[in-house]
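The values are calculated or read from the model by the stated rules, or taken from the named source; none is laboratory data. Only a predicted model underlies this, so the values are computations on that prediction, with no experimental measurement involved. Note: ideal-geometry Cβ built from the backbone for every residue, glycine included; neighbour counts use all protein chains shown.
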Amino acid sequence: MGARYFGAAVKRREDPRFLRGEGRFVDDVTLPGLLHAAFLRSPHAHARVAAIRTEAAAAMPGVVRIFTFSDLERWMKPLPLFGAPPPGLAAAIRFDLRQAPQYPLCRDRARHVGEIVAMVVADSRYRAEDAVERIEVDWEPLPPVVEVRAASEAGAPLLHPEWATNVAVAFTHAIGDTAAAFARAEVTLEETFTIQRYVGMPLEGRGVVAAWDRRDGSVTTWNSTQVSHFVQQGLATVLELPPHKIRVVAPDLGGGFGTKASGYAEDALIPIAARVLGRPVKWIEDRREHMVGAAHARDQVHAIALAARRDGTILAVRDRIWLDLGAYNVWGIVLPYNTVAHLIGPYRIRDLHVDVKAVVTSKTPNAPYRGAGRPEAVFAMDRAVDCLARRLGMDPADIRRRNYIRPDELPYDFGMPYRDGNPLVYDSGDFPAALEAALSAVDYDERRREQGRLRAEGVHRGIGISGYVEGTAIGPFEGATIKLDLSGRVSVATGAVNSGQGHETTFAQIAADALGVPLDWVTVVGGDTAAVPFGVGTFASRSAVTAGNSIADAASEVRSKLVRAAAALLEASPADIEIADGRAAVRGVPDSAVPLARVIQAAIPTFARPGVAAPDFEATAYHHVPTVTYASAVHVAHVEVDVGTGLVKLLRYVVAHDCGKVINPTIVEGQVHGGVAQGVGGALYEEMVYDESGQLLTGTLMDYLVPTAMELPPIETVHLEFPSPRNPLGVKGLGEGGAISPPAAIANAIDDALAPFGVCVTATPASPARLLALLDARQP
Amino acid sequence: MNRTVRLRVNGERHERLVEVRKTLADFLREDLALTGTHVGCEHGVCGACTVLLHGEPVRSCLLLAVQAEDTEITTIEGLADGEQLHPLQQAFWDHHGLQCGFCTPGILLTAKAFLEECPHPTDDEIREALSGNLCRCTGYHFIVEAIRAAAEGRR
Amino acid sequence: MKPPPFEYVDPRTVAETLERLATHGDDAKILAGGQSLLPMLNLRLARPAVIVDVNRVAGLDGLTTENGRLRVGALVRQRALERWAASHAPLLAAALRLVGHIAIRNRGTVAGSIAHADPASELPALLLCLDGVVVAESRRGRREIAAHALFEGPLVTALAADELITETRFELPHAGEGWGFHEVARRHGDFALVGVAAVIAREGGRVGRARVSVFGAGPTPLRAEAAERALLGREPTPTQVAEAAAAGAAALAPVADLHASADYRRRVARTLLGRALTDAAARSRP
């Protein structure tokens, strides 16, 4: 297999339609007789629904039907839950795990602001919203559960009384002997770090269109989801139909970032409405709904302690972790265990002890979002390491040089399971090399000299470092089906869903190389359950690895079929057939080359040639990965802090990263940039803020602060390439990485800038008000 | 309450009866089937719905359709010259200035008006002009590069 | 997020507009640039029975100066004033580029922002700093309201429901006067956490007149009279400026919100007063 396209900076094949405004997002799907849904959502954080009266609303102009739980009882099945511990993990750690069912419509109790109480279907969205305002609900408010540590205590108001606690996941995990390490430590340090609730905030909200076909009893639904096959499975349960009667199409997605990878009430409600009414129904999530109805993320508190020697060698980590899950534990052990599995990161630390409590509160449910528990772990760890360096009078770069795992120590076995239950063993990479590459890109020594000079002038600049090692591409599998048509052109279908990552380009690069055809012969179809029967979806930095290798496997099988057919046509041995650039030839006989179209057409049975061949030029492969593969990076942030206002200006941001073999360097760089931008948002700007009554105070983009082009610096990327030994293509996951380190790197840089004042940033976002309060507290 | 609105969009005349409360964004998308104008926040922050009104970028979610009476609107569908991409579209393609593509129409129209007013911008000027358009995918780095390249291409 | 139903009228003359406003009173809402009203409608936080769209009213688009007085017609867009200011009024130019974003300023009007009276926005503070006046008309007559009498509270002005601002006037800094403008916002284009506009005239090295307003630090934009007094008749030395800034900030009674505490606002008002006054002094001709 030649690598003509793999590794090349091919321009994206999906771009022209987006540039012309010809993408097809879910709101662009329209059908004859289409109706529009709007939802009545709970205005209360925690309340009982005593009665709902819909008569006045139902009489409003344009209203077709109003649905409450009791109207749809027959269709009301609990939403899908994820994240039970897999066997290898369950064997190693005892999880105290609780997950409560959530129904698409509130049955009798709302547990967060925004939970859906009733659905209006009308002839326009405007009129549906008019009717929503006329629905009357008798609410009996219940005490809200807001602060995570208070919520975990006995005596707190209960969100799911049948649990008799709000703690949904609790476990203790240890490797080595942490107590002994702390006992022999020369220095110990303990600090509490808080990483706020912030979210993916795709620019396109969620949306669902559904149509019921009474002729064959099937449902087609377009859903702005990252996981069309999961949505299909959920609907099979809800609608009591076999999966092949349910087609879920993820059209173009206006961003996902994990937010669109959960199972949501609307995924079921819109198809239910279409089924019950016999007419197509559309719901497009507006921004206000998105703020309360789409999954939130992050929101952890770490009380972390380090034990070290005076020379800076870190001996052990102890951490107590609280996660605020929001109202339902949708994702089981996924977020808490992700955090635990990534806490140590690139450091050579053999003793770890963690106590974890994941707690339900009356807030929008949390779900994995770009990084999924890793930015929190890295924030706690890398902030603690910087605090230790300061305590010891060490340079933050030197303490990392001393403690980073060296490449000759790889494969590096932690002696504990990863989240998929397999042993946590780093496969490839060079963390010290990434550190040095990032430091050299930012000219670290010069920055340090400049820092001293500028301080004398009252200018406060700082440099912050953060590194991570990320398990990417969790299994169990993804699938791909490759089909050639009469002309030799190729369709690649996969369960992976493109939400801007460039699948239509990178997957075509893999397929074109594996088949020996020009790139523009390949069409990639993602996220259509009718195109490939089994799939998982795009999240967890998994698609390049899982779908990419499936595509390579399927393509090589199709190529073998082509070789056999070409051998028959050219009357040569299959071993002598070459395929390149869409032509098959006998090796060493250039004149023998024929277009693949001829090879395929010659394999079609005719009356003249009955039964001599079969036009079978397709294959499906489901590549199974043994476990995750580890990507890694070191980020360096350079900031300037205005001590008169608390404003932080990001001057430079450098990323030195390894994502294994690079399929398309331009796309890789774009993914890094986007991740960093979201991490910068978390470091400095973004926060979902609730008041003590459980009301969301950041309900618009006026208050939830997504960074603009003015807040972000140019981002410099250094590519290190350490192929993964765990898949044939040698690739690793990439999508999330950029978002993992910025909160730690930027907070470290702020501390560094304000070192003369002794400021310690313990919480993000590092807003001007928060920084000035820290400065005030430290000033004489 | 309904009213007839007459306007030109991408050079083409249209006349439609619309409810007076309908936003221009919804009108373009639903009544004229110009779905390249995207609705991201409906409160004027994200900029995805940006169109040109007499050549100047405006939020189409913050205008009523009836207010567009007798105006000339340009949407993303009017940017290319037939098969020929506009130089900005080409530059965004060449420089990976888009990922999911949802913010792209609003950003291209903003950039078009900006380069007409400021043909030789610095990167800081580009960033300031872009600041009314949120992009959640790219971190803006390649968008700035694309706009700079388009500006350099005009010299 | 779709607007609730309303009646829509788009008068062509001031007289017709005033007639409509007189008829509908509190049930009507004037739609000019719409950059604050439309979000409120889309969020259904405003529910006027009648929208009076003044965008087609003739004669409200004048932008003229005479003897240093700038007269801005009610339909002049912020972007139009910004373009004019780029070569005529650097203080206005510096402030206007921080009002939202280009697309917002292309529609948003100068008068509309002033009538909206957000305590953290730039134009009301400029009107106050530049001894501005609004001309308000109703069927009952025409009156001029000085900036200091216009702003009564957050989003509350002395304008009656039947009144339309037809013009705003600013006393521009004249040659030799120096200006300063500083604000802190979370992101470019956001409402300020705190901001300061300052203009200083010097006579023989000493400050002859100081006009200073602070925004984002109280229920309305405020003249920093204590700061002005502290400078008057004195040389604007660093010590004197610092004293004026401290005096100006001490007189403020800001409130906390999601993005900043009251302490933060008072503290940063002092920083920004110092910076704006320093700039203004440096730019003024002794």
Worksheet item: Are any residues in the range A:285-315 out of contact with any Leu (no Cβ under 9 Å at 6 or more places or on another chain) and within 14 Å of another protein chain (Cβ to nearest Cβ), and if so, which ones?
Response: A:E285, A:D286, A:E289, A:H290, A:G293, A:A294
Worksheet item: Among the residues of the range B:128-145, is there at least one that is part of a helix (DSSP H, G or I), within 14 Å of chain C (Cβ to nearest Cβ), within 21 Å of A:R24 (Cα to Cα) and modelled with pLDDT of 95 or more?
Response: no
Worksheet item: Any idea which of (1) surrounded by 24 or more Cβ atoms within 10 Å (Cβ to Cβ); (2) more than 13 Å from chain C (Cβ to nearest Cβ); (3) farther than 30 Å from B:E15 by Cβ; (4) under 16 Å from the mean Cα position of the chain (by Cα) is the one B:I76 doesn't satisfy?
Response: (3)
Worksheet item: So C:T278 fits all but one of (1) at pLDDT 95 or above; (2) not in a helix (DSSP H, G or I); what number is the exception?
Response: (2)
Worksheet item: So which residues in the range B:97-107 are at the interface with chain A (Cβ under 7 Å from one of its Cβ atoms) and either over 12 Å from B:H38 (Cβ atoms) or part of a loop (DSSP other than H, G, I, E, B) (or both), if there are any at all?
Response: B:L98, B:Q99, B:C100, B:G101, B:F102, B:C103
Fill in: In the range B:40-68, the residues that are over 11 Å from B:V9 (Cα atoms), touching a strand residue (DSSP E or B) at 6+ places or on another chain (Cβ under 8 Å) and part of a loop (DSSP other than H, G, I, E, B)
B:E42, B:G44, B:G47, B:C49, B:G55, B:L63
Discussion item. Given the criterion at pLDDT 95 or above and either more than 25 Å from A:D691 (Cα to Cα) or in contact with a helix residue (DSSP H, G or I) (Cβ under 7 Å, 6 or more places away or on another chain) (or both), identify the matching residue among A:R48, A:R125.
Written reply: A:R125
Worksheet item: What do you reckon, is A:I600 part of a helix (DSSP H, G or I), more than 14 Å from chain C (Cβ to nearest Cβ) and closer than 26 Å to A:P243 by Cβ?
Response: no
Worksheet, complete the sentence: The number of residues in the range B:53-72 that are within 10 Å of the chain's Cα centre (by Cα) and surrounded by 24 or more Cβ atoms within 10 Å (Cβ to Cβ) is 4
Response to the item:
Out of (1) farther than 30 Å from A:A555 by Cα; (2) surrounded by fewer than 23 Cβ atoms within 10 Å (Cβ to Cβ); (3) free of Cβ contacts under 8 Å to residues at least 40 places away in the same chain, the one A:E716 does not meet is (3)
Worksheet item: For the range A:12-98, which helices (runs of 4 or more DSSP H) that fit wholly inside it have 1 or more residues that are within 14 Å of chain B (Cβ to nearest Cβ) and touching a residue at least 40 places away in the same chain (Cβ under 8 Å)?
Response: A:15-19
Item to complete: Please state which of the following conditions B:A113 fails to meet, knowing it meets all the rest: (1) touching a strand residue (DSSP E or B) at 6+ places or on another chain (Cβ under 6 Å); (2) crowded, with 24+ Cβ neighbours inside 10 Å; (3) within 14 Å of chain C (Cβ to nearest Cβ).
Response: (2)
Worksheet, complete the sentence: Across (1) more than 14 Å from chain C (Cβ to nearest Cβ); (2) at pLDDT 95 or above; (3) not in a helix (DSSP H, G or I), A:R107 clears everything bar (2)
Worksheet item: What number of residues within the range B:83-96 satisfy the criterion of being in contact with a Phe, Trp or Tyr (Cβ under 9 Å, 6 or more places away or on another chain), in contact (Cβ under 8 Å) with a residue 12 or more places away in the chain and facing chain A (nearest Cβ under 8 Å)?
Response: 2
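Which of the following residues is touching a residue at least 60 places away in the same chain (Cβ under 8 Å), within 14 Å of chain B (Cβ to nearest Cβ), buried (at least 18 other Cβ atoms within 10 Å of the Cβ) and of a type outside the set (A, V, I, L, M, F, W, C): A:G495, A:G582, A:G500, A:G537?
A:G500
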Worksheet item: Which one is farthest from the other protein chains (Cβ to nearest Cβ) among residues in the range B:9-40 that are within 16 Å of B:L134 (Cβ to Cβ) and free of Cβ contacts under 8 Å to residues at least 40 places away in the same chain?
Response: B:A25
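Between A:S224, A:S262, which is of a type in the set (G, A, S), within 14 Å of another protein chain (Cβ to nearest Cβ) and closer than 27 Å to A:G682 by Cβ? Can you show your working first?
Details: A:S262 fails: within 14 Å of another protein chain (Cβ to nearest Cβ).
The match here is A:S224.
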Worksheet item: If you check every pair at least six apart or on different chains, which have Cβ atoms under 7 Å apart with a residue in the range C:229-253 that is under 13 Å from C:R209 (Cα atoms) first and a residue that is of a type outside the set (A, V, I, L, M, F, W, C) second?
Response: C:A230/C:E243; C:L231/C:Q240; C:G233/C:R206; C:R234/C:R206; C:R234/C:Q240; C:E235/C:G205; C:E235/C:R206
Discussion item. Suppose we keep only residues that are of a type outside the set (G, A, S) and not in a strand (DSSP E or B) within the range A:585-597. Which one would you say is surrounded by the fewest Cβ atoms within 10 Å (Cβ to Cβ)?
Written reply: A:R587
Worksheet item: Within the range A:736-747, is even one residue surrounded by fewer than 22 Cβ atoms within 10 Å (Cβ to Cβ) and either in contact (Cβ under 8 Å) with a residue 40 or more places away in the chain or under 27 Å from the mean Cα position of the chain (by Cα) (or both)?
Response: no
Worksheet entry | Residue under evaluation A:L97, criteria (1) in contact with a Pro (Cβ under 6 Å, 6 or more places away or on another chain); (2) among the aliphatic types (A, V, I, L, M); (3) more than 21 Å from A:M119 (Cα to Cα), criterion not met | (1)
Response to the item:
Of (1) touching a Leu at 6+ places or on another chain (Cβ under 7 Å); (2) of a type in the set (A, V, I, L, M); (3) surrounded by 22 or more Cβ atoms within 10 Å (Cβ to Cβ), C:L91 fails just (1)
Worksheet item: How many of the residues in the range A:710-734 are more than 24 Å from A:A511 (Cα to Cα) and either outside any strand (DSSP E or B) or within 14 Å of chain C (Cβ to nearest Cβ) (or both)?
Response: 5
Worksheet item: When you scan the range C:236-258, how many residues do you find that are under 27 Å from A:D703 (Cβ atoms) and surrounded by 24 or more Cβ atoms within 10 Å (Cβ to Cβ)?
Response: 2
